[in-house]
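Visitor: Can you read through this structure? Questions will come right after.
The values are calculated or read from the model by the stated rules, or taken from the named source; none is laboratory data. Owing to the predicted nature of the structure, the values given are computational and were not obtained by experimental measurement. Here Cβ is always computed from backbone atoms with ideal geometry, including for glycine, and neighbour counts include all displayed protein chains.
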Amino acid sequence: MNYPMVFYIIGNLLKVEAGLLLLPSFVAVIFKNDTLSAFGLTILLLLAVGIPLSWKHPSNCAVYAREGFFIVGVSWLLLSVFGALPFVLSGEIPRFVDAFFETVSGFTTTGASILPKVEVLSHSMLFWRSFTHWVGGMGVLVFVLAILPQSNAQTLQIMKAEVPGPTCGKLVSKVRHTALILYGIYLAMTLLLIVLLVLGGMPLFDSILHAFGTAGTGGFGIKTASIGYYNSPYLDGVIGVFMLLFGTNFNLYYLLFLGGIWSVLKSQELRWYLGIVGVSVALITLDILPLYGENPFQSFRYAFFQVSSIITTTGYTTADYSQWPVFSQTILVLIMFVGAMAGSTGGGMKVSRVAILFKNAMRGLRSMLCPRSVRALKFEGKVIDGQTLGGINCFFTAYVLLFSLSVLLMSLDQYDHVSNFTAVTACFNNIGPALGICGPAGSYAPFSDLSKFVLSFDMLAGRLEIFPILMLFLPATYRDH
């Protein structure tokens, strides 16, 4: 383990977080909130730790897979611990367990909240809470790679460990330029969304925060009723479409920018993604028609928004879907597991993994009928090699085991199975609202501290694709080989 380089990068990350906290501090000044001291003290603590760690540039800058996983896992934990301090120091979320849960939910773009009424927070804390979505959506370390000049070829290992999806590659020859391109696309889309929300009558402050949540597919609302508070078909439509856009692989936007529209249209994962959305919206629209007076427009409006929100793991709501028929609820729970496309800001297992697992299962069935036939497994026009397929199978096995263990630990709280199962589903897949006591009209406040830590672990594991967090618990990670 190259510890000097590990500490150097983590130290820089903490200094970046200190810089990010200047924005909510500025908001505190504008709205005259009594939270400036909480942000100021947190900034000083971050600098007190970050500056010594990054004081000297290491002579050995090598970052391999082990260092990449370790840096990402530790960085996200520290980011969440320090990010929770303003809530605690200001007294707006006085218990550290609750503040840590809320902050992890923010950075992992989950949107699960322990606040029964979010309006109790000040403007500056609302801003920081939603801003964590925007920062965590594309990846905090991707942001660091974009703004710091230290990036070299081997820092691709950091990007691989943080960017969601079964594969990660460079768009251009240098990792730093790739990070800049990704954040450039991300920023441009966010600004466009803010403009469209303001044009729809949403106040500027609300528009900025909801754009943060949509871009990061996080879903922290600033009203208890979420997007339903505004009761606007226009806003529902704009946010619904942009949730789907941010749930799309950002590599496709780069290809589109270069004029490769046919490459985009030929994307197999994109067709799966849009197909799942289309079928889900159609089925739910028909199922909830009686609830909305047989009005197809109203039914489509709520079905489209909620499917977009769930499959992209954003978690915004315009209706209490826990009151919908069981058939519709089941579809929503199923697409919670699917998630968005690889290389997007969304969570879940990712459409590409689900598609490959499905195609591999079909290949296995055909092999049983024709044992001597040899069939290559293809996706996106390429043959899936054994290493990639093995990695997907390994991910799925770890996913099922951790999911099952989490549900078992949650059962110690003695809540109903629906609440426990869907709470783990929503947090592991970075969605937010679930069903039962933590549904759209509820919160995660009733759960015990143990359950909140379990769910916080699930949110981090889900956002970081499990392995960077698990690596922290393996003794082999710390041994010299």
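Visitor: Of 165, 68, 111, which residue is closer than 22 Å to residue 431 by Cβ and either surrounded by 22 or more Cβ atoms within 10 Å (Cβ to Cβ) or at pLDDT 95 or above (or both)? Give the steps one after another, and end with the answer.
Guide: On the way: 165 fails: either surrounded by 22 or more Cβ atoms within 10 Å (Cβ to Cβ) or at pLDDT 95 or above (or both); 68 fails: closer than 22 Å to residue 431 by Cβ.
The match here is 111.
Visitor: Which of the residues that make up segment 403-422 are in a helix (DSSP H, G or I) and of a type in the set (D, E, K, R)?
Guide: Step one: filter segment 403-422 for residues in a helix (DSSP H, G or I), giving 403-413, 417-422.
Residue satisfying the conditions is 413 alone.
Visitor: Could I ask something else about it? Whether any residue in segment 361-374 is closer than 30 Å to residue 216 by Cβ, in a helix (DSSP H, G or I) and either more than 28 Å from the chain's Cα centre (by Cα) or of a type in the set (Gly, Ala, Ser) (or both) is what I want to check. Please lay out each step first, then the result.
Guide: Going through segment 361-374, the residues closer than 30 Å to residue 216 by Cβ turn out to be none.
So far as segment 361-374 goes, no, none of its residues is closer than 30 Å to residue 216 by Cβ, in a helix (DSSP H, G or I) and either more than 28 Å from the chain's Cα centre (by Cα) or of a type in the set (Gly, Ala, Ser) (or both).
Visitor: Are there any pairs, at least 6 apart or on different chains, whose C-beta atoms fall under 7 Å, with the first in segment 71-82 and more than 13 Å from residue 11 (Cβ to Cβ) and the second assigned to a helix (DSSP H, G or I) and of a type in the set (D, E, K, R), and if so, which?
Guide: 72/162
Visitor: Within 20 Å of the chain's Cα centre (by Cα) and either in contact (Cβ under 8 Å) with a residue 40 or more places away in the chain or farther than 29 Å from residue 185 by Cβ (or both): is that true of residue 316 in this structure?
Guide: It is true that residue 316 is within 20 Å of the chain's Cα centre (by Cα) and either in contact (Cβ under 8 Å) with a residue 40 or more places away in the chain or farther than 29 Å from residue 185 by Cβ (or both).
Visitor: Which of (1) surrounded by fewer than 18 Cβ atoms within 10 Å (Cβ to Cβ); (2) part of a loop (DSSP other than H, G, I, E, B); (3) of a type in the set (A, V, I, L, M, F, W, C) does residue 349 not meet, given it meets every other one?
Guide: Result: residue 349 passes all but (1).
Visitor: Which numbered condition in (1) buried (at least 24 other Cβ atoms within 10 Å of the Cβ); (2) at pLDDT below 90; (3) of a type outside the set (A, V, I, L, M) is the only one that residue 317 fails?
Guide: (2)
Visitor: Let me ask another. Residues in segment 364-397 that are buried (at least 16 other Cβ atoms within 10 Å of the Cβ) and either within 21 Å of residue 266 (Cβ to Cβ) or among the polar types (S, T, N, Q) (or both): how many?
Guide: 4
Visitor: Of everything in segment 354-363, what is surrounded by 11 or more Cβ atoms within 10 Å (Cβ to Cβ), without any contact (Cβ under 8 Å) to a residue 24 or more places away in the chain and not aromatic (Phe, Trp, Tyr)? Give them in sequence order.
Guide: 359, 362, 363
Visitor: May I ask you to list the residues in segment 222-235 that are within 27 Å of residue 459 (Cα to Cα) and surrounded by fewer than 24 Cβ atoms within 10 Å (Cβ to Cβ)? It would help to see each step written out before you state the result.
Guide: Taking segment 222-235 and keeping what is within 27 Å of residue 459 (Cα to Cα), we get 222-229.
The answer is 222, 223, 224, 225, 228, 229.
Visitor: Check whether at least one residue in segment 77-89 is farther than 26 Å from residue 473 by Cβ, surrounded by fewer than 20 Cβ atoms within 10 Å (Cβ to Cβ), modelled with pLDDT of 95 or more and not β-branched (Val, Ile, Thr), and report yes or no.
Guide: As a first pass, look at segment 77-89 and keep what is farther than 26 Å from residue 473 by Cβ: 86-89.
Okay, now just the ones that are also surrounded by fewer than 20 Cβ atoms within 10 Å (Cβ to Cβ), so 88-89.
Filter again for modelled with pLDDT of 95 or more, leaving 88-89.
From the residues that got through so far, the ones that are not β-branched (Val, Ile, Thr) too are 89.
Yes, segment 77-89 contains a residue that is farther than 26 Å from residue 473 by Cβ, surrounded by fewer than 20 Cβ atoms within 10 Å (Cβ to Cβ), modelled with pLDDT of 95 or more and not β-branched (Val, Ile, Thr).
Visitor: What residue, among those in segment 282-306 that are in contact with an Asp or Glu (Cβ under 9 Å, 6 or more places away or on another chain) and crowded, with 21+ Cβ neighbours inside 10 Å, is nearest to residue 242 (Cα to Cα)?
Guide: First, the residues of segment 282-306 that are in contact with an Asp or Glu (Cβ under 9 Å, 6 or more places away or on another chain): 299, 301-305.
Pick out the ones that are also crowded, with 21+ Cβ neighbours inside 10 Å and you get 299, 302-305.
Working: 299: 20, 302: 15, 303: 15, 304: 12, 305: 10 Å.
That would be 305.
Visitor: Consider residue 425 carefully, then state whether it is of a type in the set (S, T, N, Q), in a helix (DSSP H, G or I), over 23 Å from residue 269 (Cα atoms) and in contact (Cβ under 8 Å) with a residue 40 or more places away in the chain.
Guide: On the way: of a type in the set (S, T, N, Q): yes; in a helix (DSSP H, G or I): yes; over 23 Å from residue 269 (Cα atoms): no; in contact (Cβ under 8 Å) with a residue 40 or more places away in the chain: yes.
So residue 425 does not fit the description; no.
Visitor: Does residue 430 satisfy the criteria of being assigned to a helix (DSSP H, G or I) and either in contact with a helix residue (DSSP H, G or I) (Cβ under 9 Å, 6 or more places away or on another chain) or buried (at least 18 other Cβ atoms within 10 Å of the Cβ) (or both)? Step through it out loud before you land on a result.
Guide: Numbers: assigned to a helix (DSSP H, G or I): no; either in contact with a helix residue (DSSP H, G or I) (Cβ under 9 Å, 6 or more places away or on another chain) or buried (at least 18 other Cβ atoms within 10 Å of the Cβ) (or both): yes.
In short, no.
Visitor: How many residues does segment 187-204 hold that are outside any helix (DSSP H, G or I) and among the β-branched types (Val, Ile, Thr)? I'd like the intermediate steps shown before the answer.
Guide: Restricting attention to segment 187-204, the residues satisfying the condition of being outside any helix (DSSP H, G or I) are 200-203.
From what is left, the residues that are among the β-branched types (Val, Ile, Thr) are none.
Qualifying residue count, segment 187-204: 0.
Visitor: When the residues of segment 101-117 are narrowed to those that are among the hydrophobic types (A, V, I, L, M, F, W, C) and touching a Phe, Trp or Tyr at 6+ places or on another chain (Cβ under 8 Å), which ends up nearest to residue 449 (Cα to Cα)?
Guide: Of everything passing the filter in segment 101-117, 101 is nearest to residue 449 (Cα to Cα).
Visitor: All but one of (1) more than 13 Å from the chain's Cα centre (by Cα); (2) closer than 16 Å to residue 28 by Cβ hold for residue 130, so report the exception by its number.
Guide: For residue 130, the failing item is (1).
Visitor: Taking segment 236-274 on its own, how many of its residues are crowded, with 18+ Cβ neighbours inside 10 Å, among the β-branched types (Val, Ile, Thr) and in contact (Cβ under 8 Å) with a residue 60 or more places away in the chain?
Guide: Summing the residues that are crowded, with 18+ Cβ neighbours inside 10 Å, among the β-branched types (Val, Ile, Thr) and in contact (Cβ under 8 Å) with a residue 60 or more places away in the chain in segment 236-274 gives 2.
Visitor: Inside segment 205-306, counting only helices (runs of 4 or more DSSP H) that do not spill past its ends, which hold 1 or more residues that are modelled with pLDDT under 90?
Guide: On the way: elements: 233-246, 250-257, 261-265, 268-287.
Ranges flagged: 250-257, 261-265.
Visitor: With respect to the numbered conditions (1) more than 27 Å from residue 440 (Cβ to Cβ); (2) surrounded by fewer than 18 Cβ atoms within 10 Å (Cβ to Cβ); (3) over 19 Å from the mean Cα position of the chain (by Cα), which one is the sole condition not fulfilled by residue 8?
Guide: Result: residue 8 fails condition (2) only.
Visitor: Only one of 462, 442 is under 22 Å from the mean Cα position of the chain (by Cα), more than 16 Å from residue 329 (Cβ to Cβ) and modelled with pLDDT under 95. Can you tell me which? Give the steps one after another, and end with the answer.
Guide: On the way: 442 fails: more than 16 Å from residue 329 (Cβ to Cβ).
From the options 462, 442, the qualifying one is 462.
Visitor: From the list 454, 400, which one is surrounded by fewer than 18 Cβ atoms within 10 Å (Cβ to Cβ), assigned to a helix (DSSP H, G or I) and β-branched (Val, Ile, Thr)?
Guide: Working: 454 fails: surrounded by fewer than 18 Cβ atoms within 10 Å (Cβ to Cβ).
Being surrounded by fewer than 18 Cβ atoms within 10 Å (Cβ to Cβ), assigned to a helix (DSSP H, G or I) and β-branched (Val, Ile, Thr) holds for just one of 454, 400, which is 400.
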